[in-house]
Amino acid sequence: MVDVASVLAARRGHVSAPAGCGKTELIGQVLTAPTLKPTLVLTHTTAGVAALRQRLGRMGIPASRYRLNTIAGWALTVISMFPERAGYAQDPLLAPNYRRVQAAVAQLCGSGDIGAELRATYGRLLVDEYQDCSVSQHAMICGIADAIPTVVFGDPMQAIFDFADPLPHWENDVGTAFPELGQLSTPWRWNRVGAQVLGTWLMTARQTLEAGGKIDLRTCPSFVVWRPMPDDANLAATEQVRIQYEIARRFPGENILIIGDSIRAEARHTYASRAHGVGVVERVDFPDVVAAATQMHGLSGALLLEACIRFLILVMTNVYGDKLKARMETIAAGRHRTPATPQETAAMALSAGGGYRQAIEFLKSMAADKDRRIYRYSAFDMMIEALSSATTGHTTIIEAVAALRERQRHAGRNVPAKAVGSTLLLKGLEAEHAVILDADRPNGAMSAKHLYVALTRGARSIHVFSRSPVLP
């Protein structure tokens with residue numbers, strides 16, 4: 001078992017931190033120790049920074065005790081301060097080439113040329129989610145560790161962001177550079193809610209999966225429920241929604257994370273469109289909003305209406321764009337027997353040469369219709385705000401979306417009480433209950449690491465749909 005004293009005493013080291021075992025609590029306790037200089041705390045994403053800052057704030061830790069940033073953000077700061085020493089200058093008007101920036105900063109830190117500056121600025125370095133570090137980021141952290149005491153925290157079983165830069169080998173590379181100080185072993189996430197049996201089972205399952213073995217979902221019957229996956233897709237979807245409704249009925253007010261396919265976003269969106277009360281956890285880059293804004297740029301009238309309808313189809317149920325347009329033609333010709341609805345009136349105003357203001361009115365009127373339902377609120381709200389910004393004439397809709405996306409990255413994700421996402425989107429989040437929609441989909445089954453991440457999202461119960469109860 002590793003404690004605060006062992007972290008503070010370490011010149012270099014790493015803490016193995018399984019999910020839900022108190023890693024953030026330990027980091028916070030380390031930051032409360034008296035120090036002459038602030039501690040540099042680095043993690044990977046701006047959303048992670050926001051979540052960590054909120055958690056440290058709830059723990060009552062003064063912001064003066066630490067300097068919190070992403071690894072990439074800190075590297076950009078360093079490269080702007082020491083471009084000549086680093087041998088690389090980042091043009092502030094261009095999008096950063098993060099690989100080149102991090103490689104240059106890794107070489108700079110490893111050379112020792114800014115060692116004195118690091119020691120004068122920081123007391124020590126703590127790095128969260130180290131299993132997600134790339135090789136170049138690992139080299140940069142090793143360079144910093146030559147100057148100031150450094151401890152990294154991570155869990156190799158949660159290393160699922162391995163599709164971009166290669167990751168260092170946990171034992172050979174990370175373990176050699178940062179000797180293990182110990183492993184967190186108390187499943188606090190489950191113990192706190194009276195689900196000690198589930199926490200113990202997950203710790204055992206983690207060991208089995210890490211060793212390359214398989215786990216039987218039927219071995220924790222009080223908390224883990226295996227749901228046989230129907231062969232018929234429609235029947236499967238109906239049963240998945242039914243189970244989620246049943247959990248919500250039995251445990252009103254408790255959060256549910258629904259974990260879908262990491263690759264097929266449309267499958268997750270389809271689930272949300274069928275399940276009332278469920279929202280989609282969006283990717284931080286909001287590709288659908290960016291694409292829709294690009295299509296809307298410079299349009300007005302009927303063409304802008306068409307673009308708005310295409311966007312609504314992605315985020316709302318029962319859009320029925322063709323029926324709407326047919327009804328508009330009937331109204332325009334005076335052949336309608338029933339009065340125009342607010343949605344039809346707004347659509348006609350937009351079609352008749354309207355711009356972004358009319359587009360906003362149309363989108364909002366569609367959202368207000370009781371027969372329609374938005375299931376991607378984050379995407380919808382971002383589009384409304386982007387259109388509003390673009391009406392000022394000071395920015396284009398494309399520029400507005402880019403600015404809003406960057407703001408969202410720093411603020412962190414907005415996660416509904418009942419949310420559907422993937423392991424990649426939900427890692428680091430927790431809820432009382434988790435529903436895994438298709439753990440062993442043919443040609444797309446969860447790996448051991450993705451399965452472990454999915455299983456550890458639920459604190460009180462886990463429901464797994466799969467063809468076999470033995471996974472992966």
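Within the stretch 402-418, take every residue that is open to solvent by 60 Å² or more (accessible area, probe 1.4 Å) and not in a helix (DSSP H, G or I) and give me the one that is farthest from Ser273 (Cα to Cα).
Arg413
Could we say that Ser468 is part of a loop (DSSP other than H, G, I, E, B) and at pLDDT 95 or above here?
The answer is yes for Ser468.
Just need a number here: residues in the stretch 328-382 that are touching a helix residue (DSSP H, G or I) at 6+ places or on another chain (Cβ under 9 Å), part of a helix (DSSP H, G or I) and over 30 Å from Ala275 (Cβ atoms).
Of the residues in the stretch 328-382, 11 are touching a helix residue (DSSP H, G or I) at 6+ places or on another chain (Cβ under 9 Å), part of a helix (DSSP H, G or I) and over 30 Å from Ala275 (Cβ atoms).
Residues checked against (1) basic (Lys, Arg); (2) open to solvent by 70 Å² or more (accessible area, probe 1.4 Å):
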{"site": "Arg100", "(1), (2)": "yes, yes"}
{"site": "Leu118", "(1), (2)": "no, no"}
{"site": "Ile148", "(1), (2)": "no, no"}
{"site": "Leu181", "(1), (2)": "no, no"}
{"site": "Trp188", "(1), (2)": "no, yes"}
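What's the number of the condition Arg124 fails, among (1) open to solvent by 10 Å² or more (accessible area, probe 1.4 Å); (2) more than 24 Å from Leu429 (Cβ to Cβ); (3) within 27 Å of the chain's Cα centre (by Cα); (4) in contact (Cβ under 8 Å) with a residue 40 or more places away in the chain?
(3)
Give the residue that is most open to solvent (accessible area, probe 1.4 Å), with candidates limited to residues of the stretch 127-144 that are within 18 Å of Ser16 (Cα to Cα) and in contact with a strand residue (DSSP E or B) (Cβ under 7 Å, 6 or more places away or on another chain).
Per the stated criteria, the residue is Glu129.
How many of the residues making up the stretch 223-249 are within 11 Å of His463 (Cα to Cα) and open to solvent by 20 Å² or more (accessible area, probe 1.4 Å)?
Going through the stretch 223-249 one residue at a time, the tally reaches 5.
Can you pull out every residue in the stretch 58-95 that is closer than 21 Å to Ser136 by Cα, touching a residue at least 24 places away in the same chain (Cβ under 8 Å) and open to solvent by 70 Å² or more (accessible area, probe 1.4 Å)?
Arg85
Suppose we filter Arg124, Arg85, Arg119, Arg99 for residues that are out of contact with any Cys (no Cβ under 6 Å at 6 or more places or on another chain), of a type in the set (Lys, Arg), more than 23 Å from Gly175 (Cβ to Cβ) and modelled with pLDDT of 90 or more; which single one remains?
Arg119
Of the residues Arg274, Arg283, which is in contact with a Leu (Cβ under 8 Å, 6 or more places away or on another chain) and open to solvent by 60 Å² or more (accessible area, probe 1.4 Å)?
Exactly one residue qualifies, and that residue is Arg283.
Considering only the stretch 338-371, how many residues are buried (at least 16 other Cβ atoms within 10 Å of the Cβ), over 19 Å from Gln295 (Cβ atoms) and touching a residue at least 24 places away in the same chain (Cβ under 8 Å)?
Residues meeting the conditions: 2.
Give all pairs with beta carbons closer than 8 Å in which a residue from the stretch 323-337 that is more than 19 Å from Arg310 (Cα to Cα) meets a residue that is aliphatic (A, V, I, L, M); count only pairs at least 6 apart in sequence or on separate chains.
Ile331/Ala340; Ile331/Met348; Ala332/Met348
May I ask you to verify whether Phe161 is modelled with pLDDT of 95 or more, under 20 Å from Val453 (Cα atoms) and in contact with an Asp or Glu (Cβ under 8 Å, 6 or more places away or on another chain)?
no
Among the residues of the stretch 206-222 satisfying the criterion of being more than 17 Å from Gly458 (Cα to Cα) and part of a helix (DSSP H, G or I), which is most open to solvent (accessible area, probe 1.4 Å)?
The extreme case among them is Gln207.
From Gly28, Gly73, Gly60, which residue is at positive phi and not β-branched (Val, Ile, Thr)?
Criteria check complete, one pass: Gly60.
Does any residue of the stretch 152-159 turn out to be of a type outside the set (Val, Ile, Thr), out of contact with any helix residue (DSSP H, G or I) (no Cβ under 8 Å at 6 or more places or on another chain) and part of a loop (DSSP other than H, G, I, E, B)?
No, the conditions are met nowhere in the stretch 152-159.
Looking at (1) in contact (Cβ under 8 Å) with a residue 60 or more places away in the chain; (2) of a type in the set (A, V, I, L, M, F, W, C); (3) surrounded by fewer than 17 Cβ atoms within 10 Å (Cβ to Cβ), which is the one condition that is false for Val197?
(1)
Within the stretch 1-80, considering only helices (runs of 4 or more DSSP H) that don't extend past its boundaries, which have at least 3 residues that are under 24 Å from the mean Cα position of the chain (by Cα)?
By residue number, 23-31, 46-58.
What number of residues within the stretch 419-461 are touching a helix residue (DSSP H, G or I) at 6+ places or on another chain (Cβ under 7 Å), open to solvent by 50 Å² or more (accessible area, probe 1.4 Å) and basic (Lys, Arg)?
Matching residues across the stretch 419-461 total 1.
To keep it simple, each residue is scored yes or no on (1) closer than 12 Å to Val435 by Cβ; (2) within 19 Å of the chain's Cα centre (by Cα).
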| position | (1), (2) |
| --- | --- |
| Ala236 | no, no |
| Tyr245 | yes, no |
| Pro252 | no, no |
| Asn255 | yes, yes |
| Ile259 | yes, yes |
| Gly277 | no, no |
| Val281 | no, yes |
| Val289 | no, yes |
| Met296 | no, no |
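The values are calculated or read from the model by the stated rules, or taken from the named source; none is laboratory data. Everything quoted here is computed from the prediction, not taken from an experiment. Neighbour counts are summed over all protein chains in view; Cβ atoms, including those assigned to glycine, are modelled from backbone coordinates with ideal geometry. Heavy atoms of the whole protein, side chains included, go into the accessibility calculation; ligands, DNA and RNA do not. Shrake-Rupley method; radii C 1.70, N 1.55, O 1.52, S 1.80 Å.
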